[in-house]
Structures are given as structure tokens and as C-alpha cells.
Amino acid sequence: MSDTAAAARRTPRDELAEETAHGQLYLTRLRRAQLELSLLGLLAFGGLVGSLPLLFVLVPSLEHIHVFGIPLPAVLVAVPLFPMFVAIGAIYHRRADALDESFRDLIRDE
Amino acid sequence: MIIPIVAVAAVTLATVGIGAWGVRFARTTSDLYVASRAMSPWWNAAAVSGEYLSAASFLGIAGLMMQIGVPALWQAVGFAAGYLALLLFVAAPLRRFGSYTLPDFAEGRLASRQLRNLAVAAVLGIDTFYLIPQLKGAGIAFSEVFGAPYAVGIVVVAIVVTLYVALGGMRGVTYVQAFQFWVKTVAIAVPAIALLIYLGGIPNRATVFGHELPRAPASGLVVSLARSQTVRFPEATTFVTSQGVGHARAGESVTLPPGRVALPPGAAVPLPPGTPSQSGREWARPVRSEGEGAPLFIYSLLLATFLGTMGLPHILIRFYTNPDGPAARGTTVRVLALLAMFYLFPPVYGTLGRALAPGLLMTGQTDSVVLQLPSLAWPGVGGQVLGALVAAGAFAAFMSTSSGLLISIAGTVSYDVWGRGARGVGLTVRRRRFRIVAAVGMAVPAVVALAVRSVDISILVGWAFALAASTFCPLFVLGIWWPRLTARGAALGMVAGGAVAIGAITAGVIVGAQALTGPLDSILTQPAIVSVPLAFAAMIVGSLATAAPADIGAQMLALHAPEGLGLEVLDQARA
């Protein structure tokens, strides 16, 4: 039996369990995909929260806008960020689970 | 007086009762430490949030907001955002790795006994740092609500917490924590909403958002000073003390004697050092040119809280009670939702406090605004009942966070230090050790808390976050996502980050940087913006300078492979 024939009969699951070069490649791909997704989430958070103090410094006239009688900058810090964190978290959760699921399909089906 | 005592006693009894009920389920070592990993995501999320919402969240944010203004709310933003970082980088892989404690993770991932010891030291340091302000808050609250001496609150909370931790282990405490999350949320939300309805909105708006300084109300202002205090008068006024009538020029600092101090109606309230004199419009600005509103301080604080949450040992151990990786993600999203709800309310107290409680500004006791506002804003039975509710919530806050920290200390010491080389030791012996360590582990910070009455709660808590962000955060992020990390590099980064954070904080205390007048003061008071990047850099450089780790395929598989692949190796490791 040649090496290639033996390799052809081995499933991705075996490759993973035996930590072959192939198996590690599958896993590395998953890890990178997950990390990219996480960094995307970080970017969304960083853009949202990181830009806010700068916005207040650069556009001081925002404080003349009132929402329910409260200056807009105070409202922006106190209220909308929290639900946005939940939204980023929920979207991330769904997509991270989906990446896991497609990895499972890859390992099981072949 | 009698209503708050009943409310606090009810919360305390319910806590001990649920803890005692939970102990019936603690049958094995796994039960004792991580509750058999059988909790549903909502139970877990409520427990995580219950454990997390401490004196700093329940009392500190509102108090700091009243004192320095809207910039205090960045702290709440960071406290919540920390769970986003935890979700994105840590939650699922850490759960999948299947360790009991953080030192287990350090050793399991990098195969180094030395690193494990370093992790143990970091856990004990962060937990103790964090426990001291909780006990301090309890002492202050007891003296504010009941008029008891400072030490009484510390001793009472220390004893109650030690008892139910020692008796219940983690399983009991998961229910207790979930219960206490709801106690805290109801206790902060209901009075806030009731007061806003009773007052018909925000009163005294000129002081809160307009051009006015905080002023004595139309009936005049009388405060009672426990000891003599120096205050600065923003405007010229007369005042009456036990030594007779005094005059102050605008901008003059006066040392007032202990006892009653009275200000005439409309007089601008004099302020202690550290409380800026500002109009409502200035107060409502979230970013300033200096102080705790300086952009550098805000970014450093956001970094510490965003990255420090994942390094809090008492929070992370809760993630091991999730059954699998996706459940750990689900729990974290639910935590974000629960915290989003809670953090809507502290600003209500900070704002109403500025409008209605100028006496607290004058005495510097803004940390008690949540406790005192209901009876100040709503004279009569209504205010008393609401005041009892917030008092009960405050005690839930001290007790839940303290118990989580104590479990972390007791678990770490009895498992890592004392239990060393004795994994075969029976459950009875382990449980006894756990109880003994719990008692000692609470005694040490209690004694320290008795001694550090003058150190500010929110600053102490900020230091615990800075230390966590400078040690465990890089260890997790790089350990999980970067296979090239080596044990030497990790140790170098943890030591460098921890040393710089502690060094900066110590130097800041010595030079009195908490006055926050320049950029250097911001860094010495909240060093995360320097110490965290340094820790990451040291870990990366240290790892690249040492030989690449051999054969970590199994660790990477355990961290990242999804569940349900049918790999026996994995299922055993994660059971």
C-alpha cells in the first residue's frame, strides 16, 4: 500500500486526532478565522468607544444639543454604549458558533 | 432606623439560607470548586453579574459622578466592556481547555511549574487587592446606615461571607450570586425610578446642567462634621460653626471645626480638596482638560477595565461552570445584557445627588449618596422604605463580591499551595482545608481594611483591574491565540507588567499623584496604558528570544476544536 493511498483513506477526523500536519492545518485555519472575527469585534468596539472621547474634544458644541433636557455628550456616555455592546456580543456569538459548525461539517463529512 | 435593619437582615438571612441549601448539592471535589458545570446560561450570567457588581459599581460610580462629574461614567462603560473583551478572546477557548483554576491554565498551556507559581501569586495579589475596598465599603455603609463604628461593618460582613463560603462551596454560591444580582438590580432600579417620578424629573437643573454652582437650599444648609475639615469657598459667604459666625472670601480655604456647620440660603457650597468647583455645564462634560476627565486618564481607565475583567480570577472561575464553549459565549452575552440594564441607574443617583444633596459634597462623603439620597429627596415613610432597599442592595454588593473573591483565594490556596502533591487527598480533608483557608483568607484583608480607611474605593478597585490587565490578560490572549508563546516569555511579561503596574501605583501614592494635575499623574494613578502594552511586548520579545515550544498541537486542539467532533481525547479533557 502506497503512502498516498493510505492518506486518502484517512478522514480529517483522524488527521486531527493524530495531530498530523494536515490536521494541524485544519485547526490553524479555524483558529485564524476565529481570531479574525474577534479582531473585527474589537475594531467595532474600539471605533465606537475609542472615538467618543475624541469626538467630545473635537466637537465641544455638542453640549448645546439637549435630549430630554440633558446635554447630548452626557447622554451618549450614559446610555447607548451598553446596548451596543450587547449587539456586538450577540452578532459575534452567532458568527463564532457558525465558524465552529462549519468546521464540524468539514471534519465529519469528508 | 428599624426598616433598614430589617431589610439588611432579610438579605443576609436569605443569603446564608440559600448557601446552606446549596451545600446539599456539593458532593464531590468538582462540585465544591466549579458546581459540576451544570448551570444554565441565565443562571450563570446572573451569578457572574452578581459577583461582579461590587461596592465600586453600586456605590462608587454614583459617588464619583456626584463629586467629579459625568467623566465618572467611563468607569461603568469600562466595567461592562470588559465582558466584550472576555467574550471575544477568552470565554470559549478557556472553557474548552478544561482547567479548574487560572494556575491550572498557566501550567497546562505552557508546561511550567514556575509559571504556575507566578499565576498563584498574581491570583492572590489581585483578589486581596480587590477584597480590601469591598470590606472598606461595608465598614462605611454600616456607619452611615446604622451609626455603628467603622470596624463593625467590616467584621459583620467578613464573618457572614466566611461562613457561607466555608459551608457552601461554589454550588451554593452560584445560587446566592444569582439571587444577589437581582437584589442589587431591584435595589438600585426601583428607588431610582420612584424618586424620578416623585420629584417629577430632575430638579434644580441649573446646578446639574446649567451655569450654577451647588448651593445651599432655600432653608439653608446644615451639615455635621465628624472631625475638623479644610474646605475651599468658591464665593464669599458667612457661615456658622460651634465657634460662632465666620466669614470667607471667594476662593479662601478655611479649616472648619468638628460639629455643626450652617450655611445661609443660596450660599455656594464650600468643597474639600479633590472636589472641583464647577458649574452644572462643566459638571456634565464627559471629557476635560485635566483630572479624571483628562483623555489620557480616560483611555488608561478604559484599557484597564476592558482588559482587566478577563484577568479577574473570581470572575473567570465562573466560566468553568458552563457546560461547553458555546455556552460560555452565550453566558457572556447574557452578562452584557444584565450589566447594560444595571448601569442605567447609578447615573440617576449621581445626578439627583448633585441637585439635592450639596451637604455630601461639602463633607466629601459622596460615596454614600446612593444610601442617603432616598431619605434626603423624599422625606417620610416613602424615602425610608426606598432607603432600606438601597441599603439591602449595598450589602448584597459587598457580600457577593467578597464571597467570590474569598472562594478564589481559598480555592487557589487549598488546591495549589496546600494541596500540592496531594491530589489523592480525600474530600473531607480538602473541604476542611478549604474552610481553614477561607477563614484566614478573609482575616488578612479585613485587618488591612481596618487600617486603610482613608484610601479611596474607586482608586483601589482601579488598581486591581490594572494589575489583572497587566498580568493575566496578555497570558490569556497570547496563550490562546499565539502558539509561539513560551513559558519564559510568559513569565517575563507577567513579571514586567505586574512590576510596572505596582511600581507606578506605589510611586503615585508616595508623590500624591491622585490629585491628577498632569499627564504623569494620570499614568501613576492608572498605569494600564503603559503597563499593558509593556507586558504584551515583553511576552512577545521574551518568547521569540527563547526556543520555540515543541509539540503544542494537543493544547491548541483542546483550546480551539469545537465540541461534537467525536474525538475521545478531547471529550475526556473537557469532562
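Quick one: which residue in B:T351, B:T305, B:T321 is away from chain A (no Cβ under 14 Å) and either farther than 27 Å from A:P71 by Cβ or under 25 Å from the mean Cα position of the chain (by Cα) (or both)?
B:T321
Of the conditions (1) among the charged types (D, E, K, R); (2) assigned by TED's automatic domain parsing to the domain that holds B:Y349; (3) out of contact with any helix residue (DSSP H, G or I) (no Cβ under 6 Å at 6 or more places or on another chain), B:R227 fails just one. Which one is it?
(2)
Under 30 Å from B:G330 (Cα atoms), surrounded by fewer than 24 Cβ atoms within 10 Å (Cβ to Cβ), out of contact with any strand residue (DSSP E or B) (no Cβ under 8 Å at 6 or more places or on another chain) and of a type in the set (A, V, I, L, M, F, W, C): is that true of B:L124 in this structure?
yes
Filter region B:436-474 down to the residues that are buried (at least 20 other Cβ atoms within 10 Å of the Cβ) and farther than 30 Å from B:L64 by Cβ, then identify the one that is nearest to the chain's Cα centre (by Cα).
It comes out as B:A438.
Could you tell me how many of the residues in region B:496-551 are in a loop (DSSP other than H, G, I, E, B), touching a helix residue (DSSP H, G or I) at 6+ places or on another chain (Cβ under 6 Å) and over 16 Å from B:F129 (Cα atoms)?
Residues meeting the conditions: 2.
Would you check if there is a residue in region B:561-575 being out of contact with any His (no Cβ under 7 Å at 6 or more places or on another chain), more than 19 Å from B:L102 (Cβ to Cβ) and crowded, with 23+ Cβ neighbours inside 10 Å?
yes
B:A547 - would you say it is surrounded by fewer than 18 Cβ atoms within 10 Å (Cβ to Cβ), without any contact (Cβ under 8 Å) to a residue 24 or more places away in the chain, closer than 30 Å to B:G498 by Cβ and among the aliphatic types (A, V, I, L, M)?
no
Go through region B:60-161 and tell me which helices (runs of 4 or more DSSP H), entirely inside it, have 1 or more residues that are away from chain A (no Cβ under 14 Å).
Passing ranges, in order: B:61-68, B:102-110, B:113-146.
Among (1) in contact with a strand residue (DSSP E or B) (Cβ under 6 Å, 6 or more places away or on another chain); (2) on the phi > 0 side of the Ramachandran plot, there is one condition A:G69 misses while meeting the rest; what is its number?
All conditions are met except number (1).
Taking the conditions exactly as written (of a type outside the set (S, T, Y), in a helix (DSSP H, G or I) and assigned by TED's automatic domain parsing to the domain that holds B:G60), does B:V477 satisfy them or not?
So B:V477 does not fit the description; no.
Restrict the check to region B:503-525 and report whether at least one residue is within 14 Å of chain A (Cβ to nearest Cβ) and either more than 25 Å from B:G325 (Cβ to Cβ) or modelled with pLDDT under 95 (or both).
yes
Hey, which of the helices (runs of 4 or more DSSP H) in region A:1-97, taking only ones fully inside, have at least 1 residues that are surrounded by 20 or more Cβ atoms within 10 Å (Cβ to Cβ) and at the interface with chain B (Cβ under 9 Å from one of its Cβ atoms)?
In region A:1-97, A:12-17, A:21-58, A:72-78 are the helices (runs of 4 or more DSSP H) which contain 1 or more residues that are surrounded by 20 or more Cβ atoms within 10 Å (Cβ to Cβ) and at the interface with chain B (Cβ under 9 Å from one of its Cβ atoms).
Go through the residues of region B:129-140 one by one and say whether even a single one is at pLDDT below 90 and surrounded by fewer than 19 Cβ atoms within 10 Å (Cβ to Cβ).
no
The values are calculated or read from the model by the stated rules, or taken from the named source; none is laboratory data. Bear in mind the structure is a predicted one, so any value in this text is a computation, not a measurement. Note that each Cβ is placed from the backbone with ideal geometry, even for glycine, and that neighbours are counted across all protein chains shown.
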